[in-house]
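Student: The structure is given below, and queries will be raised subsequently.
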Amino acid sequence: MGLTGTALAIDAGNSKTDVALVATDGSILATARGGGFRPPAVGLERAVDVLAPLVASVLAEAGVVGVAGAVGTVGAVGGAGPDGAAGGAVPAGAAGAAGPVGAAERAESLAAAGGAGPVAAAGGAVPVGTAGAVGSAWPAEAAGVAGPVDHLSAFLANADLPIEEARLTAEIARRGWAGTVTVRNDTFALLRAGLPDDGERAGVAVVCGAGINCVGVGRDGATARFPSIGKISGDWGGGAHLADEALWCAARAEDGRGAPTELARALPAHFGLTTMRELIEALHLHEIPGHRRHELPPVLFAVATAGDRLARTLVTRQAEEIALLARVALDRLGLLDEPTPVILGGGVLTARHPLLHNHLTQLLTQHAPQALPHVVTAPPVLGAALDTLDRAGARPGAYERVRGAWG
């Protein structure tokens, strides 16, 4: 039995994945969290397999059983991640952004949703069984194969190129979880979470977490984006990159090839070591797991705040890159001279390190004076949930209820 008037909202990042079942009245019927989504590391099908038990979990909580394609174990793909368990996994439903939904609440919401009718999907929705037909509007029943829910909006890390979005759309649609499917890069979820729910939704979002990316939507619906696949696409920054840069500077400082920096003491000390040589050996031999490098950016920021020249140079460069991405995206969309939201998210930015945040604000004031910067701390799955309401033509009260679920 399916759930008319409901949709699946998915935000899948490199370290964790959130899934929520959303009703058209804005109720969050169930949530689940699992491991990271890494198609480049494990392949497209195995990456989508990570989603399957999470989808099964939220549908089962809402009373749907026997979901096609819902196989596998939460977090079973991808090895040890920074969240501790294999693949960074958290048991399904254990750490959802919204708490468990009571049976009475769920029954009331499902009853309300039941009369809502199919989701009128648009903007790249693909019916189940249709491979890669991105860009068309499809009613939920068009495919002739009804999924358990009307629509699925997935915002996925590593969906950096349009061809990757198309392939992921086809693979997810093949699982039969929803009548229609849309897939976008996960930076669009941050953008949607930071934009208003009524009126024109134009703006730019820059995420700086483990990596760095930027997207924008213009007043005419045009988009601006970057490949964001590493050095070959011109990227600089994000937590992983900052960790590597800090290690590089510290190694050269200790062996004499580079300028002195307190990083040469602080980085090994963070792991209880004395020298960079010891830290290099421990990382190389995997005595310190590679994923623990994500612990180093806060050390870098602390050293920079204390006045270390090289550390401050790295933090300043990060602020410059973030401001540059925002300015270029605004310019491409013709928004550089209009008051426009610039949504900032990801762990590096939401930490609001004064040195980074203040310099970034100054740069935006100088080079994009009409930009309206706003840091979003809500989980990106909020943006995915809002997107499902957009596609359902939900009423304003539904948006308020969804936003309330995530604070």
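Student: Among the residues of segment 209-227, what is the count of those that are under 20 Å from Thr350 (Cβ atoms) and either at pLDDT 95 or above or open to solvent by less than 20 Å² (accessible area, probe 1.4 Å) (or both)? Break it down stepwise before answering.
Tutor: Step one: filter segment 209-227 for residues under 20 Å from Thr350 (Cβ atoms), giving 209-216.
Filter once more, so that each one left must be either at pLDDT 95 or above or open to solvent by less than 20 Å² (accessible area, probe 1.4 Å) (or both): 209, 212-216.
Residues flagged as under 20 Å from Thr350 (Cβ atoms) and either at pLDDT 95 or above or open to solvent by less than 20 Å² (accessible area, probe 1.4 Å) (or both) within segment 209-227 amount to 6.
Student: Then there is this: Say we look at segment 395-407 and pick out the residues that are in contact with a strand residue (DSSP E or B) (Cβ under 9 Å, 6 or more places away or on another chain) and open to solvent by less than 30 Å² (accessible area, probe 1.4 Å); which of these is modelled with the lowest pLDDT?
Tutor: Trp406
Student: Could I ask something else about it? Can you pull out every residue in segment 248-272 that is assigned to a helix (DSSP H, G or I) and in contact (Cβ under 8 Å) with a residue 24 or more places away in the chain?
Tutor: Passing the criteria: Cys249, Ala250, Ala251, Ala253, Leu263, Ala266, Leu267, His270.
Student: Among the listed residues Glu245, Glu200, identify the single one that is acidic (Asp, Glu), open to solvent by 40 Å² or more (accessible area, probe 1.4 Å), at pLDDT 95 or above and not in a strand (DSSP E or B).
Tutor: None of the other options fit; the residue is Glu245.
Student: Okay, next question. Working only within segment 248-271, note down all residues that are touching a Cys at 6+ places or on another chain (Cβ under 7 Å) and buried (at least 19 other Cβ atoms within 10 Å of the Cβ). Let's see the steps before the verdict.
Tutor: Keep residues of segment 248-271 that are touching a Cys at 6+ places or on another chain (Cβ under 7 Å), which gives 258, 261, 263.
Of everything in segment 248-271, those that are touching a Cys at 6+ places or on another chain (Cβ under 7 Å) and buried (at least 19 other Cβ atoms within 10 Å of the Cβ) turn out to be Thr261, Leu263.
For (1) under 24 Å from the mean Cα position of the chain (by Cα); (2) open to solvent by less than 20 Å² (accessible area, probe 1.4 Å), each residue gets a yes or a no:
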{"residue": "Leu273", "(1), (2)": "no, no"}
{"residue": "Pro297", "(1), (2)": "yes, yes"}
{"residue": "Leu325", "(1), (2)": "yes, no"}
{"residue": "Ala329", "(1), (2)": "yes, yes"}
{"residue": "Arg332", "(1), (2)": "yes, no"}
{"residue": "Leu349", "(1), (2)": "yes, yes"}
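Student: In segment 172-187, what residues are crowded, with 24+ Cβ neighbours inside 10 Å and over 16 Å from Ala7 (Cβ atoms)?
Tutor: Asn185, Asp186, Thr187
Student: While we're on this one: Return the residue satisfying two criteria in turn: it lies in segment 391-407 and is closer than 13 Å to Asp197 by Cα and not in a helix (DSSP H, G or I), and of such residues it is farthest from the chain's Cα centre (by Cα).
Tutor: Arg395
Student: Here is a further query. Kindly indicate whether Ser15 is within 26 Å of Gly347 (Cα to Cα) and in contact (Cβ under 8 Å) with a residue 60 or more places away in the chain.
Tutor: Yes.
Student: Does any residue of segment 159-170 turn out to be closer than 24 Å to Thr4 by Cβ, at pLDDT 90 or above and touching a helix residue (DSSP H, G or I) at 6+ places or on another chain (Cβ under 7 Å)? Break it down into steps so the answer makes sense when it comes.
Tutor: As a first pass, look at segment 159-170 and keep what is closer than 24 Å to Thr4 by Cβ: 169.
Still in the running and at pLDDT 90 or above: 169.
Restricting the remaining residues to those that are touching a helix residue (DSSP H, G or I) at 6+ places or on another chain (Cβ under 7 Å) gives none.
No: segment 159-170 contains no residue that is closer than 24 Å to Thr4 by Cβ, at pLDDT 90 or above and touching a helix residue (DSSP H, G or I) at 6+ places or on another chain (Cβ under 7 Å).
Student: Hey, another quick one. Look through Thr316, Thr388, Thr377 and report the one residue that is open to solvent by 30 Å² or more (accessible area, probe 1.4 Å), under 20 Å from the mean Cα position of the chain (by Cα) and not aliphatic (A, V, I, L, M). Spell out the reasoning first.
Tutor: Working: Thr316 fails: under 20 Å from the mean Cα position of the chain (by Cα); Thr388 fails: open to solvent by 30 Å² or more (accessible area, probe 1.4 Å).
The conditions single out Thr377.
The values are calculated or read from the model by the stated rules, or taken from the named source; none is laboratory data. Since the model is a prediction, treat every value here as computed from it, not as a measurement. Cβ: placed from backbone, ideal geometry, glycine included. Neighbour counts: every protein chain shown. Just so you know, the surface numbers come from the protein's heavy atoms only, side chains and all, with ligands and any DNA or RNA stripped out. Shrake-Rupley method; radii C 1.70, N 1.55, O 1.52, S 1.80 Å.
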